[in-house]
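Worksheet: the structure to be examined is printed underneath.
The values are calculated or read from the model by the stated rules, or taken from the named source; none is laboratory data. It should be emphasised that the depicted structure is a prediction, and the values quoted were computed from it without experimental measurement. Every residue, glycine as well, gets a Cβ built from its backbone with ideal geometry; the counts of neighbours run over all protein chains shown.
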Amino acid sequence: MSKSEEYADIPGTYLFDKRACAKGYHLNNFCMSMMKEENRKAFLADEPTYLDKYKLTPEQRKAVLDRDWLRMIQEGGNIYYVSKLGATSGYTFEKMAASMAGTTPEKYRAMMLGGGRSIEGNRSKAEQAAESAKKGNS
Amino acid sequence: MAKIIAGVGCSHVPAIGAAIDLGKTQDDYWKSLFDKFKRSQEILAELKPDIVIEVYNDHGTAFSLQYIPTFAMGVQDEFQPADEGWGPRRVPVVKGNSEFAWHLVESLILSEFDMTIINEMEVDHGLTVPLSLMFGQVDAWPCPVIPLCVNVVTYPAPTGHRCFALGRAIRKAVEEYPKDMRVVVFGTGGMSHQIHGERCGLINSAWDKQFLDRLTSDPIGLSGVPHKQYVTEAGAEGIELVMWHVMRGALNDDVDELYRVYHVPASNTAVGNIILKNRGVN
């Protein structure tokens, strides 16, 4: 069985491991608070003041205010928690997913209807680089 | 004496629950998926379970990151569907069976599976979506359900091998229970999906299909698949599939596959369902 460090070669994937869970603890707690209507209202009424209640890093705080979903994940957010902020902010999951994948919701939806993102070329960073080089040459 | 009749593997995609609750099952996007599950519901009705043990994971609903139990069992007589941010699902309350659940907890801990014991807990889509798919839209679920939660959100999830062994211990506990009862075990989650990061939207149908095949042909070998293979091949959130090994471990070595469903996509996920019956058990 692999320690979490051994997953670093999987592209575009942020394992919610010992480092992420420790780093993202307060960020995810903030997201969890969005389960309650009164908190959603208070947050949307004055985001900076509401965020002062949580010990976020400057990067986490900026990512929340910018609704930068990928950055939240990179800063220790877990998708099941971060998506509670998505729902609070009126984002569909598709819109969040498209944003993380660096594409438009329309293109993301078309990809899913076409059978999803292919595993071919996406297993490792090396495989991904080889695949994109192949496409570049063809 | 209680006995395990069958095992069910079933995805628990939240969008499926929303489609059912909002009356969209006949929409173009959803109809072909729900048509495939009609046969599943007929088979479950024929199996006539007296109780379901449902292995699932909570998605930051009843548990936050404050406490992260690896294995936990609900032992009360009632579990309310949770409000996951858009109101509770319009599904019946989940009735447990306190006497049977406490028997399981006692037997499992004495078999060296140290379950966390949960008296109060709301249940999210991870538990209720497979119930909807297997039993349809009903006023009351046809039998009590024992929730068995597994941490698959924070790495590491328990290994497939450990999950399989838990299934074996569940089978022993069920067979020790003195009342006549027909038990069906559900393993839920999966199949391939990744819902975060730039690799979001990953689906790997070939890998999913070999997983479904090996549940019958090579269950022990399959339970030895390392976590990294799930994350690489089936997407980071595809690791939920380890919960299917609890179901498979609870069955006999010889099973008959009664039915399977495979469908892509439901939202971001490949949907799978398999129904395995213990050979020779009626």
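Figures for the structure shown
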quantity: Residues within the range B:222-231 that are outside any helix (DSSP H, G or I) and either under 16 Å from B:MET247 (Cβ atoms) or away from chain A (no Cβ under 14 Å) (or both), tallied; calculated: 1
quantity: Count of the range B:66-115 residues which are on the phi > 0 side of the Ramachandran plot and within 14 Å of chain A (Cβ to nearest Cβ); calculated: 2
quantity: Among the residues listed as B:LYS24, B:LYS36, the single one being of a type in the set (D, E, K, R) and either within 20 Å of B:VAL255 (Cβ to Cβ) or in contact with a His (Cβ under 8 Å, 6 or more places away or on another chain) (or both); calculated: B:LYS36
quantity: Members of the range A:2-25 found to be under 28 Å from A:TYR54 (Cβ atoms) and among the polar types (S, T, N, Q), listed by number; calculated: A:SER4, A:THR13
quantity: Candidate set: the range B:1-14, residues that are modelled with pLDDT of 95 or more and surrounded by fewer than 21 Cβ atoms within 10 Å (Cβ to Cβ); chosen: the one farthest from the chain's Cα centre (by Cα); calculated: B:ALA2
quantity: Matching residues, the range A:82-95, being among the polar types (S, T, N, Q), at the interface with another protein chain (Cβ under 9 Å from one of its Cβ atoms) and touching a Lys or Arg at 6+ places or on another chain (Cβ under 8 Å); calculated: A:THR88
quantity: Test: B:ASN151 is within 14 Å of chain A (Cβ to nearest Cβ), of a type outside the set (Lys, Arg) and out of contact with any helix residue (DSSP H, G or I) (no Cβ under 8 Å at 6 or more places or on another chain); calculated: yes
quantity: Verdict on B:LEU131 being in a helix (DSSP H, G or I), away from chain A (no Cβ under 14 Å) and either under 15 Å from the mean Cα position of the chain (by Cα) or in contact (Cβ under 8 Å) with a residue 40 or more places away in the chain (or both); calculated: yes
quantity: Number of the exception - B:GLY187 against (1) over 27 Å from B:PRO49 (Cα atoms); (2) more than 7 Å from chain A (Cβ to nearest Cβ); calculated: (1)
quantity: The range A:78-95: number of residues that are within 19 Å of B:GLU237 (Cα to Cα), assigned to a helix (DSSP H, G or I) and among the hydroxyl-bearing types (Ser, Thr, Tyr); calculated: 3
quantity: Selection status of B:GLY238, on the phi < 0 side of the Ramachandran plot, within 13 Å of chain A (Cβ to nearest Cβ) and in contact with a strand residue (DSSP E or B) (Cβ under 9 Å, 6 or more places away or on another chain); calculated: yes
quantity: Qualifying residue in the range A:96-115 (condition: more than 12 Å from chain B (Cβ to nearest Cβ), farther than 23 Å from B:THR61 by Cβ, among the β-branched types (Val, Ile, Thr) and assigned to a helix (DSSP H, G or I)); calculated: no
quantity: For A:ILE119: the one exception among (1) under 19 Å from B:THR269 (Cα atoms); (2) more than 9 Å from chain B (Cβ to nearest Cβ); (3) in a loop (DSSP other than H, G, I, E, B); (4) free of Cβ contacts under 8 Å to residues at least 12 places away in the same chain; calculated: (2)
quantity: Residues of the range A:3-14 that turn out to be facing chain B (nearest Cβ under 8 Å) and either within 16 Å of the chain's Cα centre (by Cα) or loosely packed, with under 14 Cβ neighbours inside 10 Å (or both), as a count; calculated: 6
quantity: Among the candidates A:ALA129, A:ALA42, A:ALA63, residue that is free of Cβ contacts under 8 Å to residues at least 40 places away in the same chain, surrounded by 12 or more Cβ atoms within 10 Å (Cβ to Cβ) and under 14 Å from the mean Cα position of the chain (by Cα); calculated: A:ALA63
quantity: Residue tally, condition among the polar types (S, T, N, Q) and under 16 Å from the mean Cα position of the chain (by Cα), over the range B:167-215; calculated: 2
quantity: Some residue of the range B:214-221 being part of a loop (DSSP other than H, G, I, E, B), more than 14 Å from chain A (Cβ to nearest Cβ) and in contact with a strand residue (DSSP E or B) (Cβ under 8 Å, 6 or more places away or on another chain); calculated: no
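Residues checked against (1) assigned to a strand (DSSP E or B); (2) of a type outside the set (S, T, N, Q); (3) within 18 Å of B:PRO144 (Cβ to Cβ); (4) under 15 Å from the mean Cα position of the chain (by Cα):
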site	(1), (2), (3), (4)
B:GLU46	no, yes, no, no
B:GLU54	yes, yes, yes, yes
B:MET73	yes, yes, yes, yes
B:GLN76	no, no, yes, no
B:VAL91	no, yes, yes, no
B:LEU104	no, yes, yes, no
B:ASP114	no, yes, no, no
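Conditions (1) in a loop (DSSP other than H, G, I, E, B); (2) polar (S, T, N, Q); (3) more than 10 Å from chain B (Cβ to nearest Cβ), marked per residue:
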{"residue": "A:PHE16", "(1), (2), (3)": "yes, no, no"}
{"residue": "A:ASN28", "(1), (2), (3)": "no, yes, no"}
{"residue": "A:LYS41", "(1), (2), (3)": "no, no, yes"}
{"residue": "A:LYS53", "(1), (2), (3)": "yes, no, yes"}
{"residue": "A:LYS62", "(1), (2), (3)": "no, no, yes"}
{"residue": "A:GLY76", "(1), (2), (3)": "yes, no, yes"}
